[in-house]
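Working notes for the structure below.
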Amino acid sequence: NRLVRLYPPLISVVAASLQANPLLHTTIPNVPGVAAIALTYLSNIVMTVFDTGLGVLVHTWSLAMEEQFYLIWPLLLILMLKAKWTTNRIAAVVGWVFTAESLPFNPRTKAGGLLAGCALALLHPTKATRVTAAPWAWIGIAVFAAAFVLETSESLDRAWTLPIATVGILPVILHAAYGQSPIVAVLSWKPIVFLGVISYGLYLW
């Protein structure tokens, strides 16, 4: 479903970028090669290994990151469960948030948020917990907003703001899944839901 939803926008963005390449301020260095890299979800790996840019298609790194996650995480989870790891042990392993920013597109440093979500799912055994309550979600929003302000004002480096924002958003996710409050009402509003569905296509453009 994800492939069907996101691959057409990716193809159109790559095609349009190639056509407009001579006119763009940030040109694509190797047009056929970069197109192949973007379309095969390898942008983040190539930019990390070869320490090179992809011109206007540099932002396809995040799409690659998520696709790799959806392919690799289920297999890793199956292997860990086959090895009879407890959910607590799995959560402890995958919940590690990497913060190194020397290579900003490195899959290792960018997997923290996704893996923190996996750990949260593993550690949350029931809907009836205080963590799902609205006050925790409001605190999480405040923490996330603080991280955003600190980074945009250059008061704090992303090596710190990224894990802070990740931790802050976790209670919001739990509350959105199981709680009831104005937060849930806003996130459930049809225009917001629709925007969420098409957000990656908008991001690519």
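The values are calculated or read from the model by the stated rules, or taken from the named source; none is laboratory data. This is a predicted model, so every value here is computed, not measured. Positions of Cβ are generated from backbone atoms using ideal geometry, with glycine treated the same way; all protein chains shown enter the neighbour counts. Accessible surface areas use protein heavy atoms only, side chains included; no ligands, DNA or RNA. Shrake-Rupley method; radii C 1.70, N 1.55, O 1.52, S 1.80 Å.
Observations on the structure shown:
- Of the residues contained in the range 89-106, none is found to be at pLDDT 85 or above, part of a loop (DSSP other than H, G, I, E, B) and either within 19 Å of the chain's Cα centre (by Cα) or surrounded by 15 or more Cβ atoms within 10 Å (Cβ to Cβ) (or both).
- Among the residues listed as Ala116, Ala121, the single one being more than 26 Å from Val56 (Cβ to Cβ), surrounded by 19 or more Cβ atoms within 10 Å (Cβ to Cβ), at pLDDT below 90 and not aromatic (Phe, Trp, Tyr): Ala116
- Residue in the range 21-29 that is over 23 Å from Ala111 (Cα atoms), in a helix (DSSP H, G or I), open to solvent by less than 60 Å² (accessible area, probe 1.4 Å) and of a type in the set (S, T, N, Q) present: yes
- Residues in the range 168-186 that are open to solvent by 40 Å² or more (accessible area, probe 1.4 Å) and farther than 29 Å from Phe105 by Cβ: Ala177, Tyr178, Gln180, Pro182, Ala185, Val186.
- Of all the numbered requirements in (1) farther than 15 Å from Ala137 by Cβ; (2) under 15 Å from the mean Cα position of the chain (by Cα); (3) open to solvent by less than 60 Å² (accessible area, probe 1.4 Å), Ala165 misses one, and that requirement is (1).
- Checking each residue in the range 49-88 for being part of a helix (DSSP H, G or I), more than 19 Å from the chain's Cα centre (by Cα) and over 27 Å from Ala36 (Cα atoms) picks out Ile78, Leu79, Met80, Leu81, Lys82, Thr87, Asn88.
- Test: Tyr200 is open to solvent by 60 Å² or more (accessible area, probe 1.4 Å) and touching a helix residue (DSSP H, G or I) at 6+ places or on another chain (Cβ under 6 Å): no
- Selection of the range 41-90 for residues being of a type in the set (S, T, N, Q) and in contact with a Phe, Trp or Tyr (Cβ under 7 Å, 6 or more places away or on another chain) yields Ser43, Asn44, Thr48, Gln68.
- Counted residues, the range 121-162 - those being over 19 Å from Pro182 (Cα atoms), part of a helix (DSSP H, G or I) and over 18 Å from the mean Cα position of the chain (by Cα): 6
- Scanning the range 137-157 for residues that are touching a residue at least 40 places away in the same chain (Cβ under 8 Å) and loosely packed, with under 15 Cβ neighbours inside 10 Å turns up just one, Asp157.
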